[in-house]
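Have a look at the structure below, then the notes.
Laboratory data are not the source of any read-out in this text; all were calculated from the coordinates shown. No experiment lies behind these values; they were computed from the predicted model shown. Heads up, the Cβs are rebuilt from the backbone with ideal geometry, glycines too, and the neighbour counts pull from every protein chain shown.
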Amino acid sequence: MFQTYLEGLATRSFQLNQRNIVSLVSQRPHLRLCDLGCDDGAWTIELGQAARAKEIHGVEIVRERATIARTRGVAVTIADLNHKLPYADETFDVVHANQVIEHIADLDNFMTEVHRITKRGGTTIISTENGSSWHNIGAALLGWQTFSLTNVSPRVGGLGNPLALHRGQEGLAVSWTHKTIFNYRGLLEMHEVYGLHPVAVRGAGYHPFAPVVGSVDPRHAHLLAVMAIKA
């Protein structure tokens, strides 16, 4: 019963996080949008419409998902986000990555590429889990693996945490495992190091309370969405 409740909280938190991202990207029109890790393109199209984009591009590593995204109208490039991207400098008005950066092994390359392909004065929106969320802090105090770092092995999910959503799940894709989880301040400083200046932060999820509480206290929210400008 409690596990079902946690799953429901997680789902509603991710939905609120998407609404937060839509509110950020819709603040002004963006001619060319790129979604890093676009999956099947459903969210990418919704995002592009909110941004009033004329061109909607995406990067995806799984060919089957990229094929579906193309049928939805996304101009997909099949590429590994740990490597240099096949785009010219300053190609996009907005570059977006939702629940992607935690899966990246080469963060220096990823952030360098995000900066490189974003136009000067353009926008980036990066969303990820927050290591400073109260449920992660609580897990650490118990000596458990924090919730955001339980899926670190492709052999089995939910390591080290009896309440992890994917506990015992076998055969996780390597690209699906978590490599790095940022805390609130670390995520903001990571942007600054790579010439991206945060202008807004939105929080979603505040387990075990209603997800909207994370909007009031983003420092301890489950999910963070950071909008930054390339100077």
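Of the listed peptides 73-82, 110-119, 33-42, 186-195, what is their order by residue-averaged count of other C-beta atoms within 10 Å, with the highest listed first?
Numbers: 73-82: 17.5, 110-119: 20.9, 33-42: 24.1, 186-195: 15.9.
Highest-to-lowest ranking by the protection proxy: 33-42, 110-119, 73-82, 186-195.
List the residues whose amide H sits under 5 Å from the amide H of A200, counting only those 5 or more places along or on another chain, with H placed 1.01 Å from N in the peptide plane.
Hits under the 5 Å cutoff: M227.
Tell me what the chain gives for mean residue ellipticity at 222 nm when only DSSP H runs of n ≥ 4 count, each as -39,500 (n - 2.57), the sum divided by the residue total, rounded to 500 deg cm²/dmol. Spell out each step's value before the answer.
Details: 7 runs with 76 residues, N = 231.
Value at 222 nm, helices only, nearest 500: -10000 deg cm²/dmol.
Apply the Karplus parameterisation 6.51 cos²θ - 1.76 cosθ + 1.60, with θ equal to phi minus 60°, to every residue of region 206-219 and state each ³J(HN,Hα) to the nearest whole Hz, in sequence, with x for glycine and proline.
7, 4, x, 8, 4, x, 5, 4, x, 6, 7, 10, x, 4
In percent, what relative contact order does the chain have, based on Cα pairs under 8 Å that are 6 or more apart in sequence? Walk me through the numbers on the way to the answer.
Numbers: 527 pairs, mean separation 47.8, N = 231.
Taking the mean separation of contacting Cα pairs over the length of the chain, I get 21 percent.
Ordered by packing density, taken as the mean number of other Cβ atoms within 10 Å over each peptide's residues, highest first, how do 199-207, 18-26, 86-94, 123-131 rank?
Values: 199-207: 21.8, 18-26: 19.2, 86-94: 16.4, 123-131: 24.7.
Packing order, densest peptide first, comes out as 123-131, 199-207, 18-26, 86-94.
At 24 angstrom or more along the helix axis (alpha-carbon based) and mean Kyte-Doolittle of -1.0 or higher, what helices does the chain contain? Whole DSSP H runs only.
Span-like helices here: 2-25.
How many lysine pairs in the chain, separated by 8 or more positions in sequence or lying on different chains, have Cα atoms less than 22 Å apart? Walk me through the numbers on the way to the answer.
Numbers: K54/K119; K54/K230; K84/K119; K84/K179; K84/K230; K119/K230.
Close lysine pairs found across the chain: 6.
Can you run phi through the Karplus equation (6.51, -1.76, 1.60; θ = phi - 60°) for region 123-133 and list ³J(HN,Hα) in whole Hz, with x for Gly and Pro?
Each residue of region 123-133 in turn: 10, 10, 10, 10, 10, 7, 6, 10, x, 8, 5 Hz.
Can you tell me how much longer the chain between F209 and E170 gets when fully stretched, taken as 0.36 nm per residue apart minus their C-alpha distance, in nm with one decimal? Working shown, then result.
Details: separation 39, 0.36 × 39 = 14.04 nm, distance 2.96 nm.
Separation in residues times 0.36 nm, less the Cα-Cα distance, equals 11.1 nm.
For region 112-142 and region 88-104, what is the separation of their Cα centres, given in Å?
If we compute the Cα centre of each part, the gap is 12 Å.
Suppose R0 equals 45 Å. What FRET efficiency, 1/(1 + (r/R0)^6) with r the Cβ-Cβ distance, do V193 and R63 give to the nearest 0.05? If you can, show how the numbers build up before the last one.
Numbers: r = 33 Å, r/R0 = 0.73.
Rounded to the nearest 0.05, the efficiency is 0.85.
Quick one: which residues, 5+ away or cross-chain, put their amide H under 5 Å from the amide H of V100? H built at 1.01 Å from N.
Under 5 Å from the amide H of V100 lie the amide H atoms of S127, each far enough along the sequence or on another chain.
Would you indicate which of [x] 18.1, 61; [y] 17.0, 51; [z] 16.8, 47 is the value of Rg and Dmax of the Cα atoms in Å derived from the coordinates of this structure?
Computed from these coordinates, Rg and Dmax of the Cα atoms in Å corresponds to label [y].
Using a cut-off of 13 Å between beta-carbons, work out the net charge of the residues near S23 (Lys and Arg +1, Asp and Glu -1, S23 not included).
Working: positive: R19, R28, R202; negative: E46.
So the surrounding residues net to +2.
Work out the FRET efficiency for A200 and L31 from their Cβ-Cβ distance, taking R0 = 22 Å, and round it to the nearest 0.05. Could the numbers behind the result be given before it?
Working: r = 21 Å, r/R0 = 0.93.
That gives a FRET efficiency of 0.60.
Gap in Å between the Cα centre of region 16-87 and the Cα centre of region 157-207?
Between the Cα centre of region 157-207 and that of region 16-87, the gap is 20 Å.
Quick one: 3J(HN,Hα) in Hz for region 157-174, Karplus 6.51/-1.76/1.60 with θ = phi - 60°, rounded, Gly and Pro as x.
Values, residue by residue: x, x, 5, x, 9, x, 9, 4, 4, 9, 4, x, 6, 9, x, 6, 5, 4 Hz.
What residue among S132, F209, F147 has its Cα farthest toward the positive end of the dipole of the chain, where the charges are +1 on Lys, Arg and -1 on Asp, Glu, each on the Cβ?
Positive-most Cα among the choices belongs to F209.
Enumerate the amide H contacts of H166 below 5 Å, restricted to partners 5 or more residues apart or on another chain; note that Pro and chain-start residues carry no placed amide H.
Close amide H contacts, sequence-distant or interchain: G158.
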